[in-house]
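In what follows, a single structure is set out as C-alpha cells and then discussed.
The values are calculated or read from the model by the stated rules, or taken from the named source; none is laboratory data. Worth saying up front: this structure is predicted, and the values here are computed from it rather than measured. Positions of Cβ are backbone-derived with ideal geometry, glycine not excepted, and every protein chain shown enters the neighbour counts.
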Amino acid sequence: MTGLVEELQREALDPQIPVSTLLRKVKLTAVKLRLDDTVAWADSELSGYKDDVPDYRVVRGILQSHNHHWGWRNVGGDPQTIAALSTRKVSEPIGSLEALIQGAARRGDEPLIIRLPPRTLAALNESNGGGFDDVAVHIGDNIVVGIVEHVRNMVFNWALELEMAGISGEGISFNLAERERALTSNINIERFEGTFHQGDVTGSGNKSYVRSDDKSTNINSNNLFSLLSSAISEGTPEGNTKVEMLRLVRELEATQGGAEYPNTYQRFIAVAADHMALIGPFVPALTALIAS
C-alpha cells in the first residue's frame with residue numbers, strides 16, 4: 001500500500017495537483033509524525049500568515065500612482081523610501097494565490113495591484129508634498145507563480161528527506177519507529193526552503209523583485225530553454241540522466257503551448273528529481289507555460 005510520503009512525492013511532481021492540496025497532505029503527515037513546526041507552517045500557508053511571513057513571500061513590485069488623465073505612472077522620490085514602499089509581504093493563503101494565477105488569463109498582461117493603506121498613503125503625501133489620491137504596488141504574475149512553485153519545491157524536498165530517513169508510512173499511518181525517527185532527525189520543512197530565482201528574484205534572503213535594479217540573469221520565455229540547457233550541460237555529470245534531461249528540454253520547447261506540454265513537463269521533473277537544486281530556479285517559469 002502506498003504511504004503518504006510516496007503520495008506527496010508523486011503529487012508534487014504533477015503540476016495539475018494544486019499546492020493547497022499538497023499542503024493538506026503535508027499537515028496530515030506532520031500531525032501523525034508529531035512535527036509541530038511543520039504543522040504550523042502548513043496551517044499558515046493554508047490559512048494565511050497573521051504576523052511575519054517567510055522570506056520567499058517578501059516581494060517588490062513597482063510603486064505607481066493613478067491619474068485620471070494619464071493612467072498609472074511610476075512614483076518618484078527618495079530611492080530608499082520608494083524601495084521600502086514597493087516591498088510587500090504576501091500573507092494571503094496559498095489557495096488565494098493559486099486563484100490569482102488562474103485568473104491571469106482573464107486579466108491579460110495586467111499586473112496584480114496592491115493599494116497602499118490609507119495611513120501609508122498619507123505619510124507618502126506628507127513627504128512628497130501631497131497630490132497622490134491612489135497609489136499601489138504593481139506585482140507581476142510571475143512573482144505569484146514563483147511563491148506557489150517555491151512551496152511545491154519545499155514539499156517535494158521534504159518528502160524526499162523523509163524517505164531518505166526511512167520514513168515512508170503505510171496508507172495514512174506511520175509505525176512507532178518512523179515517528180521516533182522523525183522526531184530525532186528534526187525533519188521540519190523550514191529546512192528545505194533553498195534559494196530560488198524567478199524573473200528578477202535574487203538575494204540571500206530569497207526576496208523576490210520584479211523590474212528591480214537586480215543584475216541577475218532574467219529568465220523569460222525567450223531564453224528559458226537555452227538557459228536551462230546550459231545549466232544542465234554545465235552542472236550535471238555525464239551519463240544517461242544528463243542526456244535524457246537535455247532531450248526533454250528540447251521536447252519541452254517544442255511542445256510549449258500545446259496539449260503535450262504538461263505530460264512532457266511531468267516526465268522532465270521526474271527525470272531531474274535528483275537535481276532540484278540545479279533546475280529549481282527554472283521550475284516556476286516552466287510551470288507558468290502550462291497555464292499560458
- Message: Among the residues in segment 61-70, are any assigned by TED's automatic domain parsing to the domain that holds Phe174, among the aromatic types (Phe, Trp, Tyr) and free of Cβ contacts under 8 Å to residues at least 24 places away in the same chain?
- Response: yes
- Those residues of segment 5-49 which are touching a residue at least 40 places away in the same chain (Cβ under 8 Å) and in a loop (DSSP other than H, G, I, E, B), in sequence order: Leu13, Asp14, Pro15, Gln16, Pro18, Arg34, Leu35, Gly48, Tyr49
- Task: May I ask you to list the residues in segment 59-96 that are aromatic (Phe, Trp, Tyr) and out of contact with any strand residue (DSSP E or B) (no Cβ under 8 Å at 6 or more places or on another chain)?
- Result: Trp70
- Query: Out of curiosity, is Ser91 among the hydroxyl-bearing types (Ser, Thr, Tyr), at pLDDT 85 or above and surrounded by 13 or more Cβ atoms within 10 Å (Cβ to Cβ)?
  - Reply: yes
- Message: Being over 15 Å from Val151 (Cα atoms) and acidic (Asp, Glu) is the filter here; which residues of segment 34-85 pass it?
- Response: Asp36, Asp37, Asp51, Asp52, Asp78
- Result of the Cβ filter at 6 Å on segment 131-146, keeping first residues that are in a loop (DSSP other than H, G, I, E, B) and partners that are of a type in the set (Val, Ile, Thr), at least 6 apart or interchain, is Gly140/Val210
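Within segment 228-282, considering only helices (runs of 4 or more DSSP H) that don't extend past its boundaries, which have at least 2 residues that are at pLDDT 80 or above?
Numbers: elements: 240-255, 261-271, 276-279.
Hits in segment 228-282: 240-255, 261-271.
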- Item | Checking Asn175 against (1) within 30 Å of Leu63 (Cα to Cα); (2) surrounded by fewer than 15 Cβ atoms within 10 Å (Cβ to Cβ), the condition it does not meet | (1)
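Condition check ((1) at pLDDT 90 or above; (2) surrounded by fewer than 22 Cβ atoms within 10 Å (Cβ to Cβ)) across all residues:
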| position | (1), (2) |
| --- | --- |
| Val151 | yes, no |
| Trp158 | yes, no |
| Ile167 | yes, no |
| Ser185 | no, yes |
| His197 | no, yes |
| Val201 | no, no |
| Asp214 | no, yes |
| Asn218 | no, yes |
| Phe225 | no, yes |
- Item | Condition met for Asp52 (of a type in the set (Asp, Glu), modelled with pLDDT under 95 and more than 28 Å from Ile167 (Cβ to Cβ)) | yes
